1. Would you calculate, for the chain, the mean residue ellipticity at 222 nm contributed by helices, counting each DSSP H stretch of 4 or more residues as -39,500 (n - 2.57) and dividing by all residues, to the nearest 500?
2. What is the Cα centroid distance between region 20-84 and region 157-217, reported in whole angstrom?
3. Roughly what % antiparallel, to the nearest 5, for the DSSP beta bridges in region 27-258?
4. Does region 1-68 classify as rounded, prolate or oblate by the C-alpha gyration tensor (a ≥ b ≥ c root eigenvalues; a/c under 1.5 gives rounded; else a/b over b/c gives prolate, otherwise oblate)?
5. Apply the a/c threshold of 1.5 to the C-alpha gyration tensor of region 1-130 and tell me whether it is rounded, prolate or oblate.
6. Need one number for region 175-292: average projected area of the convex hull over its C-alpha atoms, nm².
7. Given springs between every Cα pair under 10 Å in a Gaussian network model of the chain, which of 166, 112, 192 has the largest fluctuation?
8. Over 31 Å, how big is the tail of the calculated P(r) for the chain, in percent of all Cα pairs?
Ligand code: SF4
């Protein structure tokens, strides 16, 4: 009797485990499709990669850059255009940096790669007083080195692993601390004018990248080897956005979408809109101001759909 009960329990466990494995595989399949679709869409929308390009993927060893490389390798196989990929890691000689991890991984993926060894760690430690944040000098040094390496490798594009949440966080930081509405573009020319920098993960959520990295079991290299204090302002804004997204799902998505949907006539930048020449013409203007109306989406986390607004206005007129 006891044996029968135990066997039944084991069989129920096996069924439950199989169901859980199936569910997980289904979810990962959905996630994979979403990630590849979003990256492909961003590449197409901003014409990030063109036929014949050599894309230098900057690989730090974190979840974002591993995912970027992984997805680009897969998209390369199916793309209607031909492009090459070279992964580049900058070994900054931080204490405890595990030198073998990236070469081992990259060899296993069969991708071209280059490890650039430059002891920026010592330079930063020497020049930045103890207790001060080292990130700004460190990233300036890293940027210069990566631009040079891109030239030496004949790369035509430099791909970085910034994602949707980085982009919205940067917008907030620039507004809060820089008094500018400036985000992080999906594609730009580098400040030395010699490189085109692309961010193919621009449409991707950070939480999806975390799940993908866990699923793919990338050999993550910790990002605190330099011993620098985390950027508190960035961490604070990120926590604020995460809290908003929890309490008002869709808010960060809406903010991100808004960055590609700017109505310059309703902002205050005189270099973008000729306010000084505005005159009433007497003819209706489709996008003219509705200065005395309440905002339709007041109190909701997302703008009301146009159809809803139309219905409400029709009701008011009856
Ligand atoms: S966290 Fe360390 S390695 Fe990263 S930018 Fe800052 S100083 Fe450089």
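Read-outs: derived from the displayed coordinates by stated rules, not from any lab. As the structure is a prediction and not an experimental result, all values here were calculated from the model.
1. Values: 10 runs with 158 residues, N = 318.
-16500 deg cm²/dmol, from helical runs alone.
2. When both Cα centres are located, 15 Å separates them.
3. Once the DSSP bridges in region 27-258 are tallied, antiparallel ones form about 15 percent.
4. Values: a/c = 6.40, a/b = 3.35, b/c = 1.91.
It comes out prolate by the Cα gyration axes.
5. Working: a/c = 3.08, a/b = 1.57, b/c = 1.96.
In terms of gyration-tensor shape, oblate.
6. Mean projected area for region 175-292: 13.0 nm², to one decimal.
7. Between 166, 112, 192, it is 192 that shows the largest mean-square fluctuation.
8. On the way: 23343 of 50403 pairs.
Result: 46 percent of Cα pairs exceed 31 Å.
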